[in-house]
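I have placed the structure first, in the form of structure tokens, so that the comments after it can refer back to it.
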Amino acid sequence: MKVVFHVDELAKLSEARHNIKNLLTADKNAAVVLVVNGEAIQGYLLPAQLEFMKECPKVSYHACNNAMNAYHITKEDLAEVVEVVPAGVMDLVRLQHEGFAYIKP
């Protein structure tokens, strides 16, 4: 199973974390990508998200470079596990084309 979670609202990041944990409990082998763009990009700096990334190392974490620029966040500000992608929307299209199911909490 391949699933991409898309979060562009900061308030929805917590819900996405819960959804991801529930999915991984049901299917430990699921390939999960969390794509964050828009205002939610700020969530990658929050302690709760940093802790989640430690708890769920099998999840791939993607950050939209456009959102990072808009919110003055640099690659160095992010945890090492976060991959910066040129555009969150383009990343979502690519992942769906590769067969990832799309979830937006």
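The values are calculated or read from the model by the stated rules, or taken from the named source; none is laboratory data. Model, not experiment: these values are computed from the prediction. Methodologically, a virtual Cβ is constructed for each residue, glycine included, from the backbone with ideal geometry; neighbour enumeration extends over all protein chains shown. Areas reflect the complete protein model, heavy atoms only, side chains present, ligands, DNA and RNA absent. Shrake-Rupley method; radii C 1.70, N 1.55, O 1.52, S 1.80 Å.
Going by the structure shown, is residue 84 outside any loop (DSSP other than H, G, I, E, B), touching a residue at least 24 places away in the same chain (Cβ under 8 Å) and β-branched (Val, Ile, Thr)?
Working: outside any loop (DSSP other than H, G, I, E, B): yes; touching a residue at least 24 places away in the same chain (Cβ under 8 Å): no; β-branched (Val, Ile, Thr): yes.
Considered against the rule, which asks whether it is outside any loop (DSSP other than H, G, I, E, B), touching a residue at least 24 places away in the same chain (Cβ under 8 Å) and β-branched (Val, Ile, Thr), residue 84 comes out as no.
State all residues of the stretch 59-81 that are touching a strand residue (DSSP E or B) at 6+ places or on another chain (Cβ under 7 Å) and outside any helix (DSSP H, G or I); if no residue qualifies, say none.
59, 60, 61, 62, 63, 64, 78, 81
Any chance you could count how many residues in the stretch 13-41 are closer than 14 Å to residue 88 by Cβ and polar (S, T, N, Q)?
Of the residues in the stretch 13-41, 1 are closer than 14 Å to residue 88 by Cβ and polar (S, T, N, Q).
Test each condition in (1) in contact with a Phe, Trp or Tyr (Cβ under 8 Å, 6 or more places away or on another chain); (2) open to solvent by 90 Å² or more (accessible area, probe 1.4 Å); (3) assigned to a loop (DSSP other than H, G, I, E, B) for residue 105 and report the one that comes out false.
It is condition (2) that residue 105 fails.
Which members of the stretch 87-101 meet the condition of being more than 12 Å from the chain's Cα centre (by Cα) and either outside any loop (DSSP other than H, G, I, E, B) or not charged (D, E, K, R) (or both)? Steps first, please.
Just the residues of the stretch 87-101 that are more than 12 Å from the chain's Cα centre (by Cα), to begin with: 87, 89-90, 93-101.
Result: 87, 89, 90, 93, 94, 95, 96, 97, 99, 100, 101.
Is there a residue in the stretch 4-12 that is modelled with pLDDT of 95 or more, aromatic (Phe, Trp, Tyr) and closer than 17 Å to residue 89 by Cβ?
Step one: of the stretch 4-12, the residues modelled with pLDDT of 95 or more are 4-12.
With the extra rule that they be aromatic (Phe, Trp, Tyr), the set shrinks to 5.
Add one more test, that the residue is closer than 17 Å to residue 89 by Cβ, and what stays is 5.
Scanning the stretch 4-12 turns up at least one residue that is modelled with pLDDT of 95 or more, aromatic (Phe, Trp, Tyr) and closer than 17 Å to residue 89 by Cβ.
Among the residues of the stretch 57-72, are any open to solvent by less than 10 Å² (accessible area, probe 1.4 Å), modelled with pLDDT of 95 or more, aliphatic (A, V, I, L, M) and farther than 21 Å from residue 96 by Cα?
Yes, because at least one residue in the stretch 57-72 is open to solvent by less than 10 Å² (accessible area, probe 1.4 Å), modelled with pLDDT of 95 or more, aliphatic (A, V, I, L, M) and farther than 21 Å from residue 96 by Cα.
Among the residues of the stretch 87-105, write down those that are under 18 Å from residue 31 (Cβ atoms) and free of Cβ contacts under 8 Å to residues at least 12 places away in the same chain.
Result: 93, 94, 97.
Does any residue in the stretch 33-46 that is polar (S, T, N, Q) and modelled with pLDDT of 95 or more come within less than 7 Å, Cβ to Cβ, of a residue that is open to solvent by less than 70 Å² (accessible area, probe 1.4 Å) and part of a loop (DSSP other than H, G, I, E, B) six or more places away or on a different chain, and which pairs are these?
Pairs found: 37/8.
Can you tell me how many residues within the stretch 12-48 are surrounded by fewer than 13 Cβ atoms within 10 Å (Cβ to Cβ) and not in a helix (DSSP H, G or I)? Write out each step before concluding.
Just the residues of the stretch 12-48 that are surrounded by fewer than 13 Cβ atoms within 10 Å (Cβ to Cβ), to begin with: 18, 22, 25-29, 47-48.
Filter once more, so that each one left must be not in a helix (DSSP H, G or I): 27-29.
The number of residues fulfilling the criteria is 3.
Name the residues in the stretch 1-11 that are open to solvent by 40 Å² or more (accessible area, probe 1.4 Å), more than 10 Å from residue 43 (Cβ to Cβ) and of a type in the set (A, V, I, L, M), would you? Spell out how you get there, then give the answer.
Here is the first cut: in the stretch 1-11, the residues open to solvent by 40 Å² or more (accessible area, probe 1.4 Å) are 1-2, 8-11.
Okay, now just the ones that are also more than 10 Å from residue 43 (Cβ to Cβ), so 1-2, 8.
1 - this is the single residue of the stretch 1-11 that is open to solvent by 40 Å² or more (accessible area, probe 1.4 Å), more than 10 Å from residue 43 (Cβ to Cβ) and of a type in the set (A, V, I, L, M).
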